[in-house]
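The values are calculated or read from the model by the stated rules, or taken from the named source; none is laboratory data. Note that the structure is predicted; figures quoted are calculated from it, not measured. Positions of Cβ are backbone-derived with ideal geometry, glycine not excepted, and every protein chain shown enters the neighbour counts. Ligands, DNA and RNA are excluded from the accessible area calculation, which covers all protein heavy atoms including side chains. Shrake-Rupley method; radii C 1.70, N 1.55, O 1.52, S 1.80 Å.
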Amino acid sequence: MKDILNLLPVLFVAITMNIGAGLYYNIGAKNLNFSRKIFITGIIKAAIVAGLFIGAAYCFIKTELSSIGVTPVSIITSAIALYVGKALISLGKILGIEVKTK
C-alpha cells in the first residue's frame, strides 16, 4: 500500500500535465473558447479513471491477485503512462507534429 501512496503524486502530476496540454492545445492552437463546463467535466473524468486505477491496485493488494503477474505498482505505473502518453500526444499537436492514434 505504501508503494501506491508514494506514486500518487506522480499520477497527479501526469493528470495535471494531460489537462494542461489539452487546455493549451484547444485554447491556444485551435482557438476555442474556454468552457468551464468542459474543463470541470474533464477533471471529473480524470478523477474517475485515476480512482479506477487506484481501486484496482488496492483490490490486488487486499486479495493477493499479484500472483497472476500484475502488481499494484504496475497498475499505478500504467495509469501514469496513460496520462503522460496523452499529454505527449497533445504536446505533439501543439508543436504541429501529426500524431496518428487508433
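Checking the structure you have, find out if any residue of segment 77-95 is at pLDDT below 90, polar (S, T, N, Q) and open to solvent by 60 Å² or more (accessible area, probe 1.4 Å).
Checking segment 77-95: not a single residue is at pLDDT below 90, polar (S, T, N, Q) and open to solvent by 60 Å² or more (accessible area, probe 1.4 Å).
Given the conditions (1) outside any helix (DSSP H, G or I); (2) touching a residue at least 60 places away in the same chain (Cβ under 8 Å); (3) not hydrophobic (A, V, I, L, M, F, W, C), report the number of the one that residue 24 does not fulfil.
(1)
Name every residue in segment 58-76 that is assigned to a helix (DSSP H, G or I) and open to solvent by 60 Å² or more (accessible area, probe 1.4 Å), in order of residue number.
58, 59, 62, 63, 65, 67, 68
Kindly check whether there is at least one residue in segment 39-51 that is touching a residue at least 40 places away in the same chain (Cβ under 8 Å), over 15 Å from residue 86 (Cβ atoms) and out of contact with any Ser or Thr (no Cβ under 7 Å at 6 or more places or on another chain).
No, that holds for no residue.
Yes/no matrix, rows are residues, columns are (1) surrounded by 14 or more Cβ atoms within 10 Å (Cβ to Cβ); (2) of a type in the set (D, E, K, R); (3) within 12 Å of the chain's Cα centre (by Cα); (4) under 21 Å from residue 92 (Cα atoms):
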position: 2; (1), (2), (3), (4): no, yes, no, no
position: 10; (1), (2), (3), (4): yes, no, yes, no
position: 20; (1), (2), (3), (4): no, no, yes, yes
position: 24; (1), (2), (3), (4): yes, no, no, yes
position: 37; (1), (2), (3), (4): no, yes, no, no
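Confirm whether residue 47 is part of a helix (DSSP H, G or I), open to solvent by 30 Å² or more (accessible area, probe 1.4 Å) and touching a helix residue (DSSP H, G or I) at 6+ places or on another chain (Cβ under 9 Å).
yes
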